[in-house]
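The values are calculated or read from the model by the stated rules, or taken from the named source; none is laboratory data. Predicted model only: the values in this text are computed from it and were never measured. Cβ placement follows ideal geometry from the backbone for every residue including glycine, while neighbour counts extend to all protein chains displayed.
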Amino acid sequence: MTTGQEFPIWMGIAKQYLGVKEVPGPGADPTIKRMLHSTNIGAPYDHSDETPWCSASVNLIMSEARDIDPRIPLPTHSAAAVSWATWGTELEYGQYGCIVVMSRPGGHHGGFYYDEDDEGVQILGGNQGDAECIKRFPWSMIMNFRWPKGYPLEEV
């Protein structure tokens with residue numbers, strides 16, 4: 001690992017996407033389209049930032065991290081956030097950078113664990129208020145925490 005590089009490396013990558021947001025109307029943000037193309041959702045859904053894209057964000061970020069460090073397993077390539085619920089290894093507690101899978105009315109949501117407090121977990125993720133941002137979600141929504149199988153939990 002390069003000295004001074006954030007651990008885990010995918011969090012440094014994820015932070016570079018903060019501020020990406022949907023384009024109102026018929027247009028689509030090209031970064032969100034690239035995220036959607038990292039999944040198996042296919043056309044026409046991968047051409048619209050109106051398509052739910054939280055899992056697509058995680059997929060692209062983990063793919064880019066894997067390009068840097070091949071110890072990171074392949075992402076799910078699924079546009080469904082619940083696909084991350086069985087990926088990697090389950091953690092008992094949240095860890096900075098782990099993937100958080102949540103249940104919500106109408107489906108699921110996923111992103112990266114950033115921090116927590118008594119109210120809930122702060123998630124760095126996509127499709128949160130139509131943007132890539134950090135947002136708090138209540139503890140009652142949290143299904144599980146996932147970590148890349150075989151990847152160290154601490155910088156070595």
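Report whether or not Gly94 is surrounded by fewer than 15 Cβ atoms within 10 Å (Cβ to Cβ) and either over 12 Å from the mean Cα position of the chain (by Cα) or of a type in the set (Ser, Thr, Tyr) (or both).
Here the answer is no, as Gly94 does not meet what is asked.
Please go through region 1-42 and give me each residue that is part of a loop (DSSP other than H, G, I, E, B) and within 22 Å of Tyr96 (Cβ to Cβ), ordered by number.
Once the filter is applied, which keeps residues that are part of a loop (DSSP other than H, G, I, E, B) and within 22 Å of Tyr96 (Cβ to Cβ), region 1-42 yields Met1, Thr2, Thr3, Gly4, Gln5, Glu6, Phe7, Pro8, Tyr17, Leu18, Gly19, Val20.
Hey, does region 108-127 have a residue that's more than 15 Å from the chain's Cα centre (by Cα) and closer than 28 Å to Asp29 by Cβ?
Yes - at least one qualifying residue is present in region 108-127.
Going through region 97-120 one residue at a time, which ones are touching a strand residue (DSSP E or B) at 6+ places or on another chain (Cβ under 9 Å) and either of a type in the set (Gly, Ala, Ser) or surrounded by fewer than 16 Cβ atoms within 10 Å (Cβ to Cβ) (or both)?
Hits for region 97-120 are Gly97, Ser103, Arg104, Gly110, Gly111, Asp115, Asp117, Glu119, Gly120.
So, in region 139-156, of the ones that are modelled with pLDDT of 90 or more and loosely packed, with under 11 Cβ neighbours inside 10 Å, which residue ends up farthest from Gly94 (Cα to Cα)?
Gly150
Please give the strands (runs of 3 or more DSSP E) falling wholly within region 43-156 in which 1 or more residues are among the polar types (S, T, N, Q) and touching a residue at least 24 places away in the same chain (Cβ under 8 Å).
The strands (runs of 3 or more DSSP E) meeting that bar are 89-91, 99-104, 142-147.
Got a sec? Which of Met1, Met35 is out of contact with any strand residue (DSSP E or B) (no Cβ under 8 Å at 6 or more places or on another chain) and modelled with pLDDT under 95?
Residue meeting the stated conditions: Met1.
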